[in-house]
Amino acid sequence: MNKLSSSIAGFLLASFFIAATPAAIAQGVAPMPEFTIYHLEGRRSERLVWLMEELGLPYELEFTRGDLAASMAAIRAINPDMPVAPTVVYDGQVLVESGAIIEMILARHGGGQLVPPLESPDFATHLMWIHYSEGSLAARAIADYRVWQIQPPTARSPLVDSEAVVQFAENFLDGKPWFGGEEFSAADIMMLFPLNFAFVLNIVDSEQFPNINAWMEKVTARPAYQAMLDKARPDGMVGSLPPLPSHAPSGPR
Ligand SMILES: N[C@@H](CCC(=O)N[C@@H](CS)C(=O)NCC(=O)O)C(=O)O
């Protein structure tokens, strides 16, 4: 057994025998309670399936194959006030926000996996990208997509726009192999969805971002990502949004 597989085996054994005591929770080695991911194919709920596959932790996946409306009806039934994917039921608690759910699972059950060492500079940027993925990147890409549909822009916005938020990510990958820094981390899991959204829907010109393209090839080749695709997107992409006929204006602001 190599060093990695023996430490994973040790971690799994430890989690099997350790009860969810306050000490085990604080050390991040508590056994996983019942965890159901309410899912829509090709949407942000894939992040949680990918996370659980990376960690080798158990989960239930709830969706109706090939039928987004039926999958959404299941989400509405348990979370009528905020029906979004992912919605999860974790030990009886109904939760939303993929980033918060990921941080919680890593803190209680991750055993230090997928998080850079607390004292390293990578820890700060890892946390930055976890929050940037939704707070700046997805927010601006989705805003630009919606604005474009109402009225295609003729000039770049003076405000930080999709191109600027993607460029910031591109620049970071000039010096680092992962959004986790030296190692793959949960930040990489968080960043894929909005970058993919921006590229596939033609919100930005994907050819302008070679570092991100190279990173996408690496992350999507991971066995845990492929396992996620098999389980959570068995028929490929379902119900894609239409790409913009041309991306928003590019260049200096
Ligand atoms: N910030 C949330 C966003 C959740 C979200 O908006 N999910 C989309 C799918 S990718 C959704 O359910 N949209 C349905 C809607 O907005 O009505 C997260 O990261 O979990």
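The table for this structure:
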| quantity | calculated |
| --- | --- |
| Ratio Rg/Rh [Cα only; Rh per Kirkwood] for segment 3-109 | 1.02 |
| Karplus (6.51, -1.76, 1.60) ³J(HN,Hα), θ = phi - 60°, over segment 21-27, in Hz, Gly and Pro reported as x | 6, x, 5, 5, 5, 5, 8 |
| Calculated FRET value between M104 and T154, using beta carbons and R₀ = 30 Å, to 0.05 | 0.10 |
| Note, ³J(HN,Hα) from phi for segment 102-108, Karplus 6.51, -1.76, 1.60, rounded to Hz, x at Gly and Pro | 4, 4, 5, 5, 5, 5, 8 |
| Anisotropy class of segment 150-253 from Cα gyration tensor, a/c 1.5 cut | oblate |
| Förster-model FRET efficiency, 41 Å R0, A143 and E60, C-beta, rounded to 0.05 | 0.75 |
| Mean ellipticity per residue at 222 nm, deg cm²/dmol - from DSSP H runs of n ≥ 4 across the chain, formula -39500 (n - 2.57) | -15500 deg cm²/dmol |
| For the chain, built as a Gaussian network whose Cα springs stay under 10 Å, the top-fluctuating residue of V160, V49, V238 | V160 |
| Relative contact order (%) - the chain, alpha-carbon pairs under 8 angstrom, separation at least six | 22 |
| Assigned charges on the beta-carbon of Lys, Arg, Asp, Glu; the chain dipole about Cα centre (debye) | 160 |
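Taken together, the values in this text are just the output of simple stated rules run on the coordinates, not laboratory data. Quick caveat: nothing in here was measured; it's all calculated off a predicted structure. Cβ sites come from the backbone with ideal geometry, for glycine too, and all protein chains shown count toward neighbours.
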